[in-house]
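Participant: Structure in structure tokens, see below.
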Amino acid sequence: MARVLVGCKRVIDYAVKIRVKPDKTGVVKQNVKHSLNPFDEIAVEEAVRMKEKKIATEIVALSCGPSQCQETLRTALAMGADKAIHVEIPDKDYEHVTSLHVSKILAKAAKEINADVVIVGKQSIDDDSAQTAQMVAALLDWPQATFISKAEKVDNVLKITREIDGGLENITAKLPAVISADLRLNEPRYATLPNIMKAKKKPMEKKTPKDFEVDLSSRFDVISVVDPPSREAGVKVESVDDLVSKLKDAGVV
Amino acid sequence: MHYKNQFYYDNQQKFVMDILYRLSFCMNIFRGKAVTEQVFPFPAVDVLDEERKETLDALVDPVSKFFEEVNDAAKNDELEKIEDHTLEGLKELGAFGLQVPVDFGGIGLSNTQYARLVEIVGSHDLGVGIALGAHQSIGFKGITLFGNEEQKAKYLPKLAAGQEFAAYSLTEPASGSDANSIRTKAELSADGKHYVLNGSKIWISNGGIADIFTVFAKTPVKDSKTGDTKDKITAFIVERGFGGVSSGPPEKKMGIKCSNTAEVYFEDTKVPVENVLGGVGEGFKVAMMILNNGRFGMAAALSGTMKSCIAKAVDHAQNRKQFAKNIHEYGAIQEKIAEMVMRHYATESMAYMVAANMDKGAKEFQIEAAISKVYGSEAAWFCCDTAMQILGGMSYMKDTGLERVMRDLRIFRIFEGTNDILRLFVALTGIQYAGGHLRDVLAALKSPVSNPGLLVGKAVEKAKRSMGVVSPISVVGAHSELAAEADKLGTCIAMFGGSVEDLWQIVLLMTDLYSPSGRVGAVHLYFLIICSKQYEHGLFNFAERVSCFCFLDEQFLLWRIAEAAMDIYSMSAVISRCSAALTSGLPSSEHEKVICQTYVEKATQRVKDNLGELTSTPHQAIFKNMSLISKQTVANAGVIAQHPLGGSL
């Protein structure tokens with residue numbers, strides 16, 4: 001097996017407190033710290049480990065979005081990816097981009113670079129859709145192994161472990177395949193400073209959705225984005241009677 | 001570029017002056033001038049080009065993450081060593097060669113980029129900070145600054161990778177602040193191929209673990225003109241493997257425990273002649289240049305420490321309820337938090353101003369760097385102490401983590417030039433520089449009939465000053481919303497220049513008193529002592545200057561001069577940074593403006609007080625008394641006053 005394609009989404013950093021825009025069209029992204037989606041980081045790490053075990057020869061990282069995505073891709077390159085593809089989508093258009101759009105781009109790219117495995121995080125921590133891997137697999141008509149916690153290659157088959165409710169599920173997937181990384185697949189390494197410096201010299205290809213013949217027109221409208229309602233403080237009741245009367249006051253019994 | 005200085009009388013002694021001196025803001029306040037090229041606009045704003053900025057952005061995250069998730073400061077403190085896996089992680093991270101050029105295996109960071117990263121280290125673990133700093137900020141800095149290509153190629157790659165550790169070895173049992181008095185000797189072998197090194201060094205950071213030492217030793221040097229042989233300091237790169245190098249056990253310390261400190265001994269160590277660093281007899285310059293170049297990093301690291309102390313204090317003040325209110329609502333707490341924030345702002349502004357000026361090629365920043373170290377170490381101590389006060393009893397508990405920071409911080413006021421000696425350094429360097437520019441006044445004093453008009457004018461100025469009237473000089477470059485602050489800065493600089501001039505007159509007067517040969521002779525003698533000391537590349541013979549002023553017993557005054565200089569520089573850095581914030585409309589600019597206004601107001605007051613004390617009659621009595629109290633106590637080997645309960649209790 002030769003080539004691994006890894007999806008790298010740029011998301012608002014997990015430590016940032018999310019604020020909704022005053023006009024309710026979305027969340028504030030300007031001047032907010034962004035980083036590589038943590039699950040994608042696990043995906044990159046898995047690819048790098050495959051390369052270290054000599055079951056992969058080349059890792060290509062791909063990210064869709066505004067120009068700052070190149071910083072995200074540099075992180076993947078610093079971790080050990082060999083090259084990067086940045087699919088430039090201006091901020092304005094990126095607002096409407098959905099999992100399907102990205103999946104189409106990933107699928108096309110996988111074909112184009114002759115990938116044997118596509119690895120993505122199980123979900124991104126901003127939209128939490130958790131469907132890109134599945135869609136890519138469908139579009140390519142490849143086997144899919146999602147939410148994986150372990151992967152081993154035996155001959156031309158990936159032996160996969162998935163964490164499911166109440167236990168572990170073992171499956172196999174023939175290559176080429178699409179896999180999505182769950183939290184416990186691995187612990188990603190730190191990008192070291194020398195590697196970050198080296199990453200600056202690694203190749204970064206710039207593309208547009210048009211190059212992949214993907215139509216970005218929106219299939220849905222965002223009506224409104226609002227903060228979750230804040231919880232109000234409760235009260236302690238002295239007795240059952242108190243409780244019942246409070247419930248009655250609240251009109252729930 | 002060296003320029004012959006014309007003010008000097010003695011033609012035999014060459015007094016050379018680096019033209020770049022004239023650009024140093026701090027040097028020039030000593031002559032009452034506002035030379036603001038290195039202050040306005042805030043140099044840190046544009047010191048990083050796009051690429052360097054991007055690189056830095058990429059580096060900040062992994063370094064922060066490493067210190068948040070891998071490094072355990074409490075554990076390092078407890079074990080009195082950096083945990084093994086952390087040390088390995090630091091090596092992989094590339095933390096041991098941050099400023100080593102990429103060609104030699106380092107990260108190739110500029111001073112500003114380096115400052116930003118050590119700020120992160122400082123906010124988490126000062127012990128690790130010292131281990132890293134002792135290695136690269138001073139340990140092998142001499143090789144990057146003065147090493148030839150062979151020396152760089154031979155040593156830097158392994159040092160940058162952390163495969164070898166470096167240590168700066170200057171201090172000796174009998175030689176601390178007075179670095180010129182070292183006794184370690186290096187003598188050329190008969191065949192001229194190597195030096196034989198003998199001596200011992202104490203309190204060497206990384207001394208027990210280092211493989212490469214920058215060692216300072218006295219070597220006999222023949223003066224080409226006079227033919228006399230004199231002992232001069234030379235710097236050497238010494239490998240532990242050269243033989244005869246041994247080190248003592250790790251010292252038990254109050255803080256920065258995970259950083260190794262040990263004695264180092266050299267016994268007939270053979271050092272090849274090609275390992276001389278920076279030239280034979282040039283060691284004092286090498287030693288001082290290394291320290292000068294490292295000081296900005298301390299200020300940056302300490303600003304990180306202050307930030308984390310403030311975060312702890314604020315978190316507590318916000319959540320702790322006493323007398324039915326969160327304690328941050330009380331004035332006593334508010335004043336503390338505001339003081340911490342202002343001092344942090346000043347430290348951070350100076351650290352990045354010095355770093356940026358160095359990156360922009362400034363050659364003369366020794367006073368500025370010294371001020372940033374003195375101010376930063378005292379501001380950080382204040383912040384930690386104040387944070388502890390806000391947290392109350394909780395802060396005294398080990399788990400809160402502040403007591404460790406306090407123990408770690410204490411050394412910063414002591415090492416790499418004690419704050420006391422650096423204050424004298426600041427005052428003396430500046431005063432001497434001003435002396436050159438005051439030549440007309442001083443010459444007129446020497447012979448009053450030659451230029452009576454000048455003296456009258458100066459006398460009027462002095463009289464006005466003594467009544468608190470100064471004509472402020474204009475400081476150009478501050479944001480229009482900070483015009484009032486710029487005026488205050490201008491007033492301070494004018495007052496300061498005047499005070500330095502007055503001090504020169506006091507000094508001349510005293511020289512007169514001490515000299516039996518009359519006024520003219522005394523002045524001339526004084527000039528011989530003070531001005532004739534040759535300096536190269538901006539380095540005077542500091543020891544001689546100290547002893548000169550000690551003889552005149554002026555340290556009470558010099559201290560206040562240094563205090564005022566520090567306030568003026570910190571004020572200028574604060575105004576400059578705040579101006580930049582206002583100009584670019586940062587979201588925090590209004591907040592910064594309040595900090596700036598308050599800081600400048602308070603600093604101006606301090607400058608006035610300190611300068612006032614130089615000449616006020618009560619203070620002359622105070623200085624005299626303090627000297628007396630000290631002398632008597634020393635003579636008695638302890639306090640003298642009778643016990644309040646009397647008798648021999």
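Participant: Which percent of the Cα-Cα distances in segment B:86-146 go past 13 Å?
Facilitator: It works out to 62 percent of all Cα pairs.
Participant: A further question on this structure: Got a number for the accessible area of residue B:496? Probe 1.4 Å, square angstrom, nearest 10.
Facilitator: 0
Participant: So what is the accessible area of the protein assembly as shown per residue, in Å², with the probe set to 1.4 Å?
Facilitator: The answer is 47 Å² per residue.
Participant: Additional query: Quick one: dipole size for the protein assembly as shown, taken about the Cα centre, charges +1 on Lys/Arg Cβ and -1 on Asp/Glu Cβ, in debye to the nearest 20.
Facilitator: Dipole of the protein assembly as shown, to the nearest 20 debye: 1600 debye.
Participant: Taking only Cα atoms of segment B:53-206, what ratio of Rg to Rh do you get with Rh as the Kirkwood inverse-distance radius?
Facilitator: 1.02
Participant: Spin-label point model (7 Å from Cα, Cβ direction): what's the residue B:150 to residue A:57 distance in nm?
Facilitator: The two pseudo-label positions are separated by 4.6 nm.
Participant: Counting only other chains, and only Cβ atoms inside 10 Å, what mean value do you get across the residues of B:104-114?
Facilitator: Per-residue shielding by partner chains comes out at 1.
Participant: To the nearest 10 square angstrom, how much accessible area does residue B:471 have with a 1.4 angstrom probe?
Facilitator: 100
Participant: Compute from the Cα atoms of segment A:70-201 the Rg and the Dmax, the latter being the longest Cα-Cα distance, and quote both in angstrom.
Facilitator: 15.8, 46
Participant: Within the accessible area of the protein assembly as shown, what % is carbon and sulfur when the probe is 1.4 Å and the other protein chains stay in place?
Facilitator: With neighbouring chains kept in place, the figure for the protein assembly as shown is 53 percent.
Participant: Taking the Cα centre of segment B:166-281 as the origin, how large is its charge dipole in debye, to the nearest 20, when only Lys and Arg (+1) and Asp and Glu (-1) carry charge on their Cβ atoms?
Facilitator: Around 220 debye, computed over segment B:166-281.
Participant: In sequence order, what are the phi-derived ³J(HN,Hα) couplings for segment B:217-233 according to the Karplus relation 6.51 cos²θ - 1.76 cosθ + 1.60 with θ = phi - 60°, rounded to whole Hz, with x for glycine and proline?
Facilitator: 9, 7, 10, x, 10, 8, 6, 5, 7, 8, x, 6, 9, 10, 7, 10, 7
Participant: So how much slack lies between residue B:223 and residue B:196, counting 0.36 nm per residue of separation and subtracting their Cα-Cα distance, in nm?
Facilitator: Stretched out fully, the residue B:223 to residue B:196 stretch lengthens by 7.6 nm.
Participant: Ok, one more. Along the principal axes of its C-alpha atoms, what lengths does chain A span, in descending order and rounded to whole Å?
Facilitator: Reported extents, whole Å, longest axis first: 71, 43, 39.
Participant: May I pose another question? Quick one: accessible surface of residue B:639, probe radius 1.4 Å, all protein chains present, in square angstrom to the nearest 10.
Facilitator: Its heavy atoms expose roughly 130 Å² to the probe.
Participant: Please work out the Cα convex hull volume for segment B:347-401 and give it in Å³ per residue.
Facilitator: In segment B:347-401, the Cα hull volume divided by residue count equals 76 Å³.
Participant: What length, rounded to one decimal in nm, is gained on full extension from residue A:20 through to residue A:33, with 0.36 nm per residue of separation minus their alpha-carbon distance?
Facilitator: Residue separation times 0.36 nm, minus the Cα-Cα distance, leaves 3.2 nm.
Participant: So, one more: So, R0 is 60 Å and r is the distance between the beta-carbons of residue B:163 and residue B:394; what FRET efficiency does that work out to, to 0.05?
Facilitator: According to the calculation, E is roughly 0.90.
Participant: Also, quick follow-up: Just which residues of segment A:170-210 lose 30 Å² or more accessible area with every protein chain there, against their chain alone, with the probe set to 1.4 Å?
Facilitator: A:190, A:192, A:193, A:194, A:196, A:197, A:200
Participant: Which of the lysines could be linked to residue B:593 by a straight reach, that is with a Cα gap under 26 Å, when you skip same-chain ones fewer than 8 residues away?
Facilitator: A:33, B:33, B:53, B:307, B:312, B:336, B:373, B:488, B:602, B:608
Participant: Would you mind computing, in nm to one decimal, how far apart the modelled labels at residue B:185 and residue A:244 are, each placed 7 Å from Cα along Cα→Cβ?
Facilitator: Label-label distance for residue B:185 and residue A:244, simple model: 10.3 nm.
Participant: Among the lysines, which fall within straight-line cross-link reach of residue A:150, defined as a Cα-Cα distance under 24 Å, with same-chain neighbours fewer than 8 residues apart omitted?
Facilitator: The reachable lysines, counting only those whose Cα sits under 24 Å from residue A:150, are A:9, A:51, A:53, A:54, A:122, A:159, A:174.
Participant: Could you give the size of the charge dipole of segment A:1-147 about its Cα centre, using +1 on the Cβ of each K and R and -1 on the Cβ of each D and E, expressed in debye and rounded to the nearest 20?
Facilitator: With only Lys, Arg, Asp and Glu charged at Cβ, the dipole is about 140 debye.
Participant: Students often forget the sequence filter, so: which aspartates and glutamates lie under 20 Å Cα-Cα from residue B:152 once same-chain residues fewer than 8 apart are removed?
Facilitator: B:103, B:164, B:211, B:239, B:274, B:282
Participant: May I pose another question? Rounded to the nearest 5, what % of DSSP beta bridges with both residues in the protein assembly as shown are antiparallel?
Facilitator: 65
Participant: Which one of A:234, B:575, A:22 is farthest out on the positive end of the charge dipole of the protein assembly as shown, using unit charges on Cβ (Lys, Arg +1; Asp, Glu -1) and the Cα centre as origin?
Facilitator: B:575
Participant: Between residue B:83 and residue B:464, take the C-beta separation as r, use R0 = 56 Å, and let me know the FRET efficiency to the nearest 0.05.
Facilitator: 0.35
Participant: Can I ask one more? Probe radius 1.4 Å, ligands and nucleic acids left out: which of B:423, B:320, B:343, B:183 has the largest accessible area, and how do the rest follow?
Facilitator: The ranking, largest first, comes out as B:183, B:320, B:343, B:423.
Participant: Lys/Arg Cβ at +1, Asp/Glu Cβ at -1, dipole of the protein assembly as shown taken about the Cα centre: which of B:143, B:64, B:301 is farthest positive-ward?
Facilitator: So the residue we want is B:143.
Participant: Give the Kirkwood hydrodynamic radius (Å, one decimal) of segment B:608-649, defined as one over the mean of 1/r across all pairs of different Cα atoms.
Facilitator: One decimal place: 12.4 Å for the Kirkwood radius.
Participant: Using the basic label-point model (7 angstrom from Cα toward the beta carbon), what is the residue B:49 to residue A:93 distance in nanometres?
Facilitator: My value for the distance between the label points is 3.1 nm.
Participant: How big is the B/A interface in buried accessible area, both sides summed, 1.4 Å probe, to the nearest 100 Å²?
Facilitator: The buried area between B and A, both sides summed, comes to about 1300 Å².
Participant: Given A:61, A:204, A:90, which one lies farthest toward the positive end of the charge dipole of chain A, if we put +1 on the Cβ of every Lys and Arg and -1 on the Cβ of every Asp and Glu?
Facilitator: A:204
Participant: Relative to 2.2 N^0.38 Å, what does the C-alpha radius of gyration of the protein assembly as shown come to as a ratio? Two decimals please.
Facilitator: Cα-based Rg divided by the globular estimate yields 1.12.
Participant: Then there is this: Return the average number of partner chain Cβ atoms within 10 angstrom of each residue Cβ along peptide B:53-62.
Facilitator: Counting Cβ atoms of other protein chains within 10 Å of each residue's Cβ and averaging gives 5.
Participant: Further question: How big is segment A:33-100 along each principal axis, measuring the range of its Cα positions in Å and listing the largest first?
Facilitator: Per principal axis, max minus min of the Cα coordinates gives 41, 25, 19 Å.
Participant: Okay, next question. Give a residue-ordered list of calculated ³J(HN,Hα) values for segment B:348-353 (Karplus: 6.51 cos²θ - 1.76 cosθ + 1.60, θ = phi - 60°; whole Hz; x for Gly, Pro).
Facilitator: Computed from phi, the couplings for segment B:348-353 are 4, 4, 5, 4, 7, 6 Hz.
Participant: Can you give the FRET efficiency to the nearest 0.05 for residue B:385 and residue A:253, using r as the Cβ-Cβ distance and R₀ = 56 Å?
Facilitator: 0.45
Participant: Also, I was wondering about something else. Could you give the Stokes-Einstein D for segment B:286-420 in µm² per second, using the C-alpha Kirkwood radius, 4 °C, 1.567 mPa s?
Facilitator: Roughly 83 µm²/s, to the nearest whole number.
The values are calculated or read from the model by the stated rules, or taken from the named source; none is laboratory data. Keep in mind the model is a prediction, meaning the values are calculated, not measured. Note: ideal-geometry Cβ built from the backbone for every residue, glycine included; neighbour counts use all protein chains shown. Only protein heavy atoms, including side chains, enter the accessible area calculation; ligands, DNA and RNA are left aside. Shrake-Rupley method; radii C 1.70, N 1.55, O 1.52, S 1.80 Å.
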